[in-house]
Amino acid sequence: MKKTVLLLSFLALISCAGGNVKKSSLNSAYEVEIVQAEGVSPVIGSDLEGAKKSALADSMKNALALVVGVYVSADTLVSKSMLINDDITSKSEGYIEKYKVLKEYRDGEFYKVKIEAHVRKEDIAAKLKNLETEVEKIGNPVVFIKIREKLADRDIPGDYAGGELTAKLRQDGFRITSKEEEADIKIIGQAVSRYNTDAGLGGFISYSGSLSAEIKAQSGEIISAVSASAGGLGLNEDVAGKEALLNCARKAYDKTKTSVIDYYKQKRIITFKISGLKSLNDVNEIIRYFRNIPSIKDSMLKKYSDGFASIEILMRRGNSSELLPVFSKSEKFEMIKTQPFEIEAKIKGSN
């Protein structure tokens, strides 16, 4: 419930605040995001001064929430809302360079304060840099894994190589499904382990294993092929053979993970560049618009300066051609140039 309230607070802020980017007045090497935000606090008894202070603190917290809300994905706003609150929005004095009160007034049993805040972009960026993992940035794809496994020439009922891949993928944030039709990514292959030797091993037995698999997108497109060979030791053949299969999966995992991430970056992420922006309000409006389009999984701001923004769009399917019919109807912007994975646009009425 607390996460939902925080997300609703972010969305409410985004819908009403404006902002722009300027050089810091304290250090011209840095930039500040200038945003407007409102805070509110109940008036308890006759303590009007206490309500003013609480409302001001709330407006500062909301100013930070506004900036954070466009730089991270919608999923992260929900899944890491407590972390964002603890590390960033609850520590406004560390990120707001200066502020001025634009309006303050009592509204019934509440006191409201509206401010214009200068938020240090570099300080926020440093905190946000490690907030999302590489897997979270591509939307935590759903993966289906099917590895046929053999020990010598017989099928084995266990899921050793496949199970190890599953565990590592899940640990890194991928979602796993047992239904192939639900998967964004499919990993299908085989793993075989064969007797090697027991000579000179002090009673141990050595097995050699090999794994090969294809990584496919939901469409059936082959993303990559992975293969690995590794050995295993054990006091009996079953243990040695299964250990070889596990080691093959461990060896193949890094390439498997990298292949999926690279595919999403190259084939699922569209860079949307837009000029003619007047404020952060324009950026927020566009990002909300993107997040409501069914073929778009998420979107987030990567750069915003001097009326220009670069926004990453994570697609559920297709490329920019999937978006053209929708974007052409936008009342906010018009397209200038389109490529499969990049779109240039400008705000309507801007130069």
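The values are calculated or read from the model by the stated rules, or taken from the named source; none is laboratory data. Treat the numbers as computed from the prediction; the structure is a model and nothing was measured. As a convention, Cβ positions derive from the backbone with ideal geometry for all residues, glycine included, and neighbour counts pool all protein chains shown.
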Segment 144-153, residues that are crowded, with 17+ Cβ neighbours inside 10 Å and under 11 Å from E237 (Cβ atoms): L151
Members of segment 104-144 found to be in contact with an Asp or Glu (Cβ under 7 Å, 6 or more places away or on another chain), at pLDDT below 90 and of a type in the set (A, V, I, L, M, F, W, C), listed by number: V119
Of the residues in segment 98-152, how many are in contact with a strand residue (DSSP E or B) (Cβ under 7 Å, 6 or more places away or on another chain), among the acidic types (D, E) and closer than 30 Å to C248 by Cα? 1
Residue among T271, T197 that is touching a residue at least 24 places away in the same chain (Cβ under 8 Å) and touching a strand residue (DSSP E or B) at 6+ places or on another chain (Cβ under 6 Å): T271
Residue check: is G94 at pLDDT 90 or above and either closer than 22 Å to M300 by Cβ or not acidic (D, E) (or both)? no
Among T258, T271, the single one that is surrounded by fewer than 19 Cβ atoms within 10 Å (Cβ to Cβ), within 19 Å of R170 (Cβ to Cβ) and under 18 Å from the mean Cα position of the chain (by Cα) is T258
How about segment 279-310: which of its residues are crowded, with 18+ Cβ neighbours inside 10 Å, touching a residue at least 60 places away in the same chain (Cβ under 8 Å) and assigned to a helix (DSSP H, G or I)? L280, N281, D282, V283, N284, I287
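Residues in segment 225-235: is at least one in contact (Cβ under 8 Å) with a residue 40 or more places away in the chain, of a type outside the set (V, I, T) and within 20 Å of I156 (Cα to Cα)? Working first, answer last.
Step one: list which residues in segment 225-235 are in contact (Cβ under 8 Å) with a residue 40 or more places away in the chain, which gives none.
No, segment 225-235 has no match at all.
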